[in-house]
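Engineer: Have a look at this one.
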Amino acid sequence: MSEYKKSERIAAIVKILTDNPNRLFHLSYFMDMLSSAKSTISEDIDTIDHMLMEMGMGRVVTEAGAAGGVFYLPAGSKQKYREFIDDLCIDLSNVERIIPGGFLYTADLLYSPGTCSMIGEILASCFAGGKPDYVVTVETKGIPPAFMTARALGVPIVICKHDSRVTEGPSVSINYISGSTKNIRTMSLSKRSMKSDSKVIIIDDFMKGGGTARGIINLMKEFNAKVLGIGVVVATKQPEIKLVDDYFSLIDLVDIDEVRDTVRLEVGNWDKL
């Protein structure tokens, strides 16, 4: 049958599975590619699953039946995620990140592939059980964490725009009120962006009053989509009552004192809801 060594088969399977999180592969795919028997591939996958779990790097899930197969679930340990978020809090506490108006500069972290990939993996772990069809966000800085969350879940990303564009065809637009500034804004989404009656999660980089998230929820109603939940990288502690409920945050921004140059951050509720 196969002339590939076990180490070579395992390397190939790990590469394919980890490059395509949550994508189901039939065993026949690997059998044909590696010219190996089903029993051989099954043993290789058992070895990979054990290795990943031992190292806290996720696991390989097997689905039985004729339509079954295997897929990679990128699920690290809570301790690993907590250590990452603690380090992120330390980085974001740098007073040089303070932006007038009570905001933090986060673009360098959100646009860092390695950092944002871990952010997406953690956010995805909060919603994996719901099996969403899409990850939805709004332009612009919400795109990187939403994209990485979508990658970890193995689903497409849908981006709401602040204005409709002729290059995207007919679109649905709504007006919403910003939760922080109370200004009226517009949000649009192409009718071709997603199928009706889908399950979605909302991911954004920052939440203050929750107005943007509420706007996306209202826009999703126009597509008969079910919103499974909301995840954000950073959420402010104030206002305490926001326009949305039951959201996950990786980090909570407690206070920014622009006079004293201090930033107070806390670990969010990502592992508590």
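Engineer: Cβ contacts < 6 Å: first residue assigned by TED's automatic domain parsing to the domain that holds VAL254 and in contact (Cβ under 8 Å) with a residue 12 or more places away in the chain, restricted to region 195-224; second residue aromatic (Phe, Trp, Tyr) and not in a helix (DSSP H, G or I), any location; separation 6+ or different chain. Result?
Structural biologist: So the pair list comes out as SER196/PHE223; SER198/TYR134; VAL200/TYR134; GLY215/TYR176.
Engineer: Consider region 112-140. How many of its residues are in contact (Cβ under 8 Å) with a residue 24 or more places away in the chain and of a type in the set (S, T, N, Q)?
Structural biologist: Total meeting the criteria: 4.
Engineer: Give the residue, chosen from VAL155, VAL136, that is surrounded by 17 or more Cβ atoms within 10 Å (Cβ to Cβ), in a strand (DSSP E or B) and within 16 Å of the chain's Cα centre (by Cα).
Structural biologist: Numbers: VAL155 fails: in a strand (DSSP E or B).
The conditions single out VAL136.
Engineer: Hey, does region 180-189 have a residue that's closer than 21 Å to GLU222 by Cα, without any contact (Cβ under 8 Å) to a residue 24 or more places away in the chain and not basic (Lys, Arg)?
Structural biologist: Yes.
Engineer: Kindly establish whether ARG192 is in the same structural domain as ALA107 (by TED's automatic domain parsing), surrounded by fewer than 22 Cβ atoms within 10 Å (Cβ to Cβ), under 25 Å from ILE241 (Cβ atoms) and not hydroxyl-bearing (Ser, Thr, Tyr).
Structural biologist: Working: in the same structural domain as ALA107 (by TED's automatic domain parsing): yes; surrounded by fewer than 22 Cβ atoms within 10 Å (Cβ to Cβ): yes; under 25 Å from ILE241 (Cβ atoms): no; not hydroxyl-bearing (Ser, Thr, Tyr): yes.
Judged against the criteria, ARG192 is not a match.
Engineer: Right, another one. Is it true that SER93 is in contact (Cβ under 8 Å) with a residue 60 or more places away in the chain, more than 22 Å from VAL155 (Cβ to Cβ), surrounded by fewer than 17 Cβ atoms within 10 Å (Cβ to Cβ) and small (Gly, Ala, Ser)?
Structural biologist: yes
Engineer: Hey, does region 184-194 have a residue that's under 17 Å from LEU228 (Cα atoms) and out of contact with any His (no Cβ under 6 Å at 6 or more places or on another chain)?
Structural biologist: yes
The values are calculated or read from the model by the stated rules, or taken from the named source; none is laboratory data. Nothing here was measured: the structure is a model prediction, and the numbers come from that model. Backbone-built Cβ (ideal geometry, glycine too); neighbour counts: all protein chains shown.
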